[in-house]
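Asker: I am attaching a structure below and will ask some questions about it afterwards.
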Amino acid sequence: MAASDLKPVSTRSALLTLLLGAEVPRLSTRELVAAASVVGFAEPTVRVALSRMSAAGDLVRDDDGGYRLSERLVVRQRRQEQAAHPSLRPWDGAWELVAVTTAGRTASERADLRTTLAELRLAELREGLWTRPANLDLAWPDAVEEVCDRFTGAPVTDPAALAARLWDLDAWARTARALLDATATDDPVLRFTACATSGRHLLTDPVLPADLLPADWPGDALRASHVAYKQWVVDMRRTMVG
């Protein structure tokens, strides 16, 4: 993947990127229109998108015309913030093991559990058995504790080889490097597209210990770039509406 292969983000994605990265809980219509105009979105398109997003429950419109994220998207905002600033702990070689031990769940419940475990950055070793290196401070939700048993252990095989089998590290790194190239350009639209895309890409970074990663792993560089660009968006918005 090259920087030129990045797909333009929709108006909805652009507005969500602005709101998800905001340092305040709400933005006015004026602020959103001004910021979106810098990265290629016309005012009429922005206003239509805001109305549709409000009607769909993505955004909550205040009485004074400002917009804030719905509760569902506030949860996503927290996840993105955690992805940019993961809570690490020293790694001693141990791995988390999560075994699904409760039967009789519906297909929807099973799918929700899989999503939750993936969001915790675990990978499925086999059906019903999930694992990852124990180098993250994880908050285990009730949805996991109620239907799973948790253990810690260590593989007897090469842990780096196991990590490479559980996660497609080369593919993740290729995309991350393309995003880093895009954020280094002078094109504000391409840079914004890379910022919006990198926020989603960081959610899929397994955040493995350095010993298990390929050489020149771009995870930390992408996190730093994403945080820096988000700050640029905040500063730009302040300048335009100040």
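The values are calculated or read from the model by the stated rules, or taken from the named source; none is laboratory data. Here the structure is a predicted model, which is why all the values come from computation and not from measurement. Every residue, glycine among them, receives a Cβ derived from its backbone with ideal geometry; neighbour counts consider all protein chains shown. For the accessible areas, the whole protein counts, side chains as well, though only heavy atoms, and no ligand, DNA or RNA atoms are used. Shrake-Rupley method; radii C 1.70, N 1.55, O 1.52, S 1.80 Å.
Asker: Does region 169-180 hold any residues that are touching a residue at least 24 places away in the same chain (Cβ under 8 Å) and surrounded by fewer than 16 Cβ atoms within 10 Å (Cβ to Cβ), and which are they?
Answerer: Result: D170, R174.
Asker: Here's a follow-up. Give the residue, chosen from D205, D220, D216, that is in contact with a Gly (Cβ under 9 Å, 6 or more places away or on another chain), farther than 14 Å from L6 by Cβ and either free of Cβ contacts under 8 Å to residues at least 60 places away in the same chain or not in a helix (DSSP H, G or I) (or both).
Answerer: D205
Asker: Run down A139, A173 and say which single residue is farther than 21 Å from V39 by Cβ and at pLDDT 95 or above.
Answerer: Being farther than 21 Å from V39 by Cβ and at pLDDT 95 or above holds for just one of A139, A173, which is A173.
Asker: Something else now. Look through region 81-114, keep the residues that are open to solvent by less than 30 Å² (accessible area, probe 1.4 Å) and either assigned to a helix (DSSP H, G or I) or polar (S, T, N, Q) (or both), and return whichever of them is nearest to R150 (Cα to Cα).
Answerer: L113
Asker: Looking at (1) open to solvent by 40 Å² or more (accessible area, probe 1.4 Å); (2) at pLDDT below 85; (3) not hydroxyl-bearing (S, T, Y), which is the only condition V39 fails?
Answerer: (1)
Asker: Right, next: Report the residue count in region 58-73 for those that are on the phi < 0 side of the Ramachandran plot and exposed (fewer than 14 other Cβ atoms within 10 Å of the Cβ).
Answerer: 5
Asker: Could you tell me how many of the residues in region 47-69 are in a loop (DSSP other than H, G, I, E, B) and of a type in the set (F, W, Y)?
Answerer: 0
Asker: Checking the condition open to solvent by 80 Å² or more (accessible area, probe 1.4 Å) and either under 19 Å from the mean Cα position of the chain (by Cα) or among the basic types (K, R) (or both), which residue from R26, R52 passes?
Answerer: R52
Asker: Looking at region 115-130, is at least one residue over 15 Å from T204 (Cβ atoms) and in a loop (DSSP other than H, G, I, E, B)?
Answerer: Yes, that holds for at least one residue.
Asker: So the check is Cβ under 8 Å with 6+ separation or different chains; which pairs have a first residue in region 128-153 that's without any contact (Cβ under 8 Å) to a residue 24 or more places away in the chain and a second one that's open to solvent by less than 80 Å² (accessible area, probe 1.4 Å) and aliphatic (A, V, I, L, M)?
Answerer: Close Cβ pairs satisfying both conditions: W140/L120.
Asker: Could you list, in sequence order, the residues of region 133-163 that are within 18 Å of the chain's Cα centre (by Cα) and open to solvent by 50 Å² or more (accessible area, probe 1.4 Å)?
Answerer: Residues satisfying the conditions are D137, A139.
Asker: While we're looking at this one, here's another question. For region 19-26, indicate whether the set of residues that are closer than 30 Å to A210 by Cβ and either part of a helix (DSSP H, G or I) or of a type in the set (K, R) (or both) is non-empty.
Answerer: Yes, some residue in region 19-26 is closer than 30 Å to A210 by Cβ and either part of a helix (DSSP H, G or I) or of a type in the set (K, R) (or both).
Asker: Still on this model: State all residues of region 39-68 that are over 18 Å from G199 (Cβ atoms) and β-branched (V, I, T); if no residue qualifies, say none.
Answerer: T45, V46, V48, V60 - these are the residues of region 39-68 that are over 18 Å from G199 (Cβ atoms) and β-branched (V, I, T).
Asker: Pick from L190, L166: which is surrounded by 12 or more Cβ atoms within 10 Å (Cβ to Cβ) and touching a Ser or Thr at 6+ places or on another chain (Cβ under 8 Å)?
Answerer: L166
Asker: Among the residues that make up region 151-162, is at least one of them in a helix (DSSP H, G or I), under 27 Å from T102 (Cα atoms), of a type outside the set (S, T, N, Q) and modelled with pLDDT of 95 or more?
Answerer: Yes, region 151-162 contains a residue that is in a helix (DSSP H, G or I), under 27 Å from T102 (Cα atoms), of a type outside the set (S, T, N, Q) and modelled with pLDDT of 95 or more.
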